[in-house]
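Participant: One structure follows; several queries about it will come next.
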Number of protein chains: 2
Amino acid sequence: MKKEKVRERIIRVASELFYKQGYNSTGINQIIAEANIAIGSLYNHFSSKNDLLQAYLIKEELGWFEGYENSISTISDPKEKLLALIDYRKKLQQASKFAGCHFIKIVSEIGEGNPSVSAFATQHKEKQKDLIRTLAHEYGTEAKLTDTDSIADHIFLLIEGAVVTSTINKQTDSFDQIKKIVQGLLP
Amino acid sequence: MKKEKVRERIIRVASELFYKQGYNSTGINQIIAEANIAIGSLYNHFSSKNDLLQAYLIKEELGWFEGYENSISTISDPKEKLLALIDYRKKLQQASKFAGCHFIKIVSEIGEGNPSVSAFATQHKEKQKDLIRTLAHEYGTEAKLTDTDSIADHIFLLIEGAVVTSTINKQTDSFDQIKKIVQGLLP
DNA sequence: GTCTATACGCAGATAGAC
DNA sequence: GTCTATCTGCGTATAGAC
């Protein structure tokens with residue numbers, strides 16, 4: 001197992017804090033304390049706190065898709081892949097103790113005054129929707145369905161609704177609800 | 001027209017700033033500057049910034065339900081009232097330039113370290129769901145539908161998904177999508 | 001490359017004059 | 001009740017020794 005480099009450790013620590021406490025509530029001093037480095041080292045690796053924020057967003061995006069790919073590695077049926085997506089989001093919520101979607105969270109906090117963050121989140125969600133569209137289209141070809149894009153939009157919105165609702169409630173029932181609904185949408 | 005009192009003006013100014021900029025990004029100094037008062041006056045009316053936050057949440061909750069009641073004052077059909085709820089959320093998003101749901105936003109920002117804020121948001125969303133449940137039940141009685149609670153949950157999750165999606169996208173198309181879906185759910 | 005020391009500003013909050 | 005002046009602490013970021 002390769003030794004974790006300083007830069008990676010900084011990103012990992014900062015990511016956890018940004019996610020759990022919020023970006024504005026996380027100070028540079030806390031990051032360097034928990035990463036066990038001096039402030040000079042941090043600014044040697046990153047030019048500003050905002051620079052660190054960009055690294056955080058990129059890391060989370062890559063991790064999100066990697067995690068999903070892993071979770072469907074043994075599945076070939078597109079309908080099952082869509083249902084696995086719901087399970088994946090549910091699992092992420094449980095693992096984070098319902099801390100919510102990284103991208104919705106950061107946009108809620110600083111999206112207004114930070115166009116690059118806002119644009120990043122928009123693109124990320126667009127990729128998620130594309131993923132669902134592709135799977136729905138695959139399924140539709142087999143099942144002779146038309147208008148799979150509308151079904152994909154419906155599924156996407158249900159998942160987003162379930163994620164925010166589970167974040168507010170700190171419960172997973174919304175995922176169980178949408179899983180039933182989605183099964184009904186894909187006969 | 002009655003003169004706006006100082007306390008009301010403080011809450012109004014703070015609410016706008018909390019909503020647009022975020023709570024942590026809004027300083028006391030900015031609030032007093034835009035409200036045209038001295039800092040001593042603010043602390044005469046509110047014991048802390050957190051106290052002001054509570055007033056903000058209460059005001060937004062009252063305003064939300066008042067606004068909805070106004071928008072359905074001429075409607076009696078429960079199905080139309082449900083569709084009007086979608087129009088209402090769409091209108092709020094447009095009026096705020098897609099600043100999002102007040103409660104999702106504040107929980108995203110400071111929910112983790114502030115249980116009272118988190119609890120307030122949970123209750124608020126529960127009230128919204130109750131509203132939808134009641135309307136769905138009314139509709140179901142007329143239309144001889146069973147399991148109107150499941151339909152209500154479905155509608156609730158679609159609306160939440162549409163709100164967050166429109167906040168990220170800065171577009172209203174998600175509302176148009178769910179309006180069609182909901183019309184299909186209520187035959 | 002990593003460290004310590006420090007600059008500089010703004011945060012929330014308080015004291016006391018009027 | 002509203003004002004001005006001020007306290008204390010933490011925020012981000014930089015300078016310069018090693």
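Participant: Select, from B:34, B:109, the only residue that is surrounded by 13 or more Cβ atoms within 10 Å (Cβ to Cβ), in contact with a helix residue (DSSP H, G or I) (Cβ under 9 Å, 6 or more places away or on another chain), outside the structural domain of residue B:136 (by TED's automatic domain parsing) and acidic (Asp, Glu). Full working, then the answer.
Facilitator: Details: B:109 fails: outside the structural domain of residue B:136 (by TED's automatic domain parsing).
Result of the check over B:34, B:109: B:34.
Participant: Let me ask another. Filter the stretch A:93-116 down to the residues that are at the interface with chain B (Cβ under 8 Å from one of its Cβ atoms) and polar (S, T, N, Q) and list them by number.
Facilitator: Selection gives A:108 alone.
Participant: If we only count helices (runs of 4 or more DSSP H) wholly inside the stretch A:1-120, which ones have 3 or more residues that are closer than 30 Å to residue B:93 by Cα?
Facilitator: Details: elements: A:6-21, A:28-35, A:39-45, A:49-71, A:78-95, A:102-110.
In the stretch A:1-120, the matching helices (runs of 4 or more DSSP H) lie at A:6-21, A:49-71, A:78-95, A:102-110.
Participant: Moving to a separate point now. Suppose the filter is hydroxyl-bearing (Ser, Thr, Tyr) and surrounded by 14 or more Cβ atoms within 10 Å (Cβ to Cβ); does residue A:141 pass it?
Facilitator: Taking the combined requirement at face value, the residue does not satisfy it.
Participant: Taking the stretch A:117-134 only, how many residues are farther than 16 Å from residue A:148 by Cβ, facing chain B (nearest Cβ under 10 Å) and basic (Lys, Arg)?
Facilitator: 1
Participant: Going through the stretch B:1-30 one residue at a time, which ones are surrounded by 12 or more Cβ atoms within 10 Å (Cβ to Cβ), away from chain A (no Cβ under 14 Å) and within 12 Å of DNA strand D (Cβ to nearest atom)? Give the derivation first.
Facilitator: Looking only at the stretch B:1-30, we keep the residues that are surrounded by 12 or more Cβ atoms within 10 Å (Cβ to Cβ), and these are B:6-28, B:30.
Then drop every residue that is not away from chain A (no Cβ under 14 Å), which leaves B:6-15, B:28.
Within the stretch B:1-30, B:6, B:7, B:8, B:9, B:10, B:28 qualify.
Participant: Additional query: Out of the residues in the stretch B:27-40 meeting the condition of being in contact (Cβ under 8 Å) with a residue 12 or more places away in the chain and closer than 25 Å to residue B:104 by Cα, tell me which one is nearest to DNA strand C (Cβ to nearest atom).
Facilitator: Once the filter is applied, the top-ranked residue is B:28.
Participant: Anything in the stretch B:41-91 that is within 16 Å of DNA strand C (Cβ to nearest atom), free of Cβ contacts under 8 Å to residues at least 40 places away in the same chain and either more than 14 Å from chain A (Cβ to nearest Cβ) or closer than 28 Å to residue B:165 by Cα (or both)? List them, or say none.
Facilitator: Listed by number, the residues that qualify are B:41, B:42, B:43, B:44, B:45, B:46, B:47, B:48, B:51.
The values are calculated or read from the model by the stated rules, or taken from the named source; none is laboratory data. What you see is a predicted model, and the numbers here were worked out from it, not measured in a lab. Here the Cβ is made from the backbone with ideal geometry for all residues, glycine too, and neighbour counts use every protein chain on show.
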